[in-house]
Amino acid sequence: MNFTITQVNKLTDKHWDLLLLADPNKDLVQKYLQAGITFEVRKKEKLLAIMVLQAISQSKLEIKNIAVDPKFENQGVATKLLTYAFQFARQRNYQQLQIGTGSTSFKQLYLYQKVRFRITEIKKDFFIKNYQQHIYENGLLLRDMLVLTANLEQL
């Protein structure tokens, strides 16, 4: 699939739809958007995906949000975005790239581990404490966030 990844300076409603697909807490999304850098994936004029990166220390970059339009899932778009995040982090001399996801997000956990992220932390009850509405994934109540980290020097 031929597409482009570019930085976004102004968010549209379509960007917001994707951001909230991955993270339904609009307040949290707005907070990390202010401190992060947003990228989009387009094929011609069609928005396929979005990703937000944020430095959390001098040595660690975090993927705060990554979402692919459901019509374009399983076509390698997320893998390309993750590869782009690794390149972006290396070019800016970060030692680690981090991402958090739900403990019930089985498809995402598979993908992140496939591209060499490792589970490094469990934030117990993160989704219960930070989201007003309960979130169910794969028929399970989402409670815990799993933090996965890739050490860029070892890849």
If you scan the range 131-142, which residues turn out to be assigned to a loop (DSSP other than H, G, I, E, B), touching a Ser or Thr at 6+ places or on another chain (Cβ under 7 Å) and surrounded by 14 or more Cβ atoms within 10 Å (Cβ to Cβ)?
LEU142
Cβ-Cβ under 6 Å, sequence separation 6+ or interchain: first residue in the range 31-45 and touching a residue at least 24 places away in the same chain (Cβ under 8 Å), partner among the β-branched types (Val, Ile, Thr) and part of a helix (DSSP H, G or I). Which pairs?
VAL41/VAL77
Anything in the range 22-67 that is over 18 Å from ALA85 (Cα atoms) and among the acidic types (Asp, Glu)? List them, or say none.
ASP23, ASP27, GLU45
Take the range 101-110 and flag every residue that is surrounded by 17 or more Cβ atoms within 10 Å (Cβ to Cβ) and in contact (Cβ under 8 Å) with a residue 24 or more places away in the chain.
THR101, GLY102, SER103, THR104, SER105, LEU109
Do we find a residue being under 20 Å from ASN25 (Cα atoms), out of contact with any His (no Cβ under 8 Å at 6 or more places or on another chain) and free of Cβ contacts under 8 Å to residues at least 12 places away in the same chain anywhere in the range 120-130?
yes
Could you list all residues from the range 73-100 that are touching a residue at least 60 places away in the same chain (Cβ under 8 Å) and either surrounded by 21 or more Cβ atoms within 10 Å (Cβ to Cβ) or within 17 Å of ILE50 (Cα to Cα) (or both)?
GLN75, GLY76, VAL77, LYS80, LEU81, TYR84, PHE86, ALA89
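Each reported figure results from applying straightforward, stated rules to the coordinates on display, with no laboratory input. The structure displayed is predicted, hence computed values, not measured ones. Cβ atoms come from the backbone with ideal geometry, glycine included; neighbour counts cover every protein chain shown.
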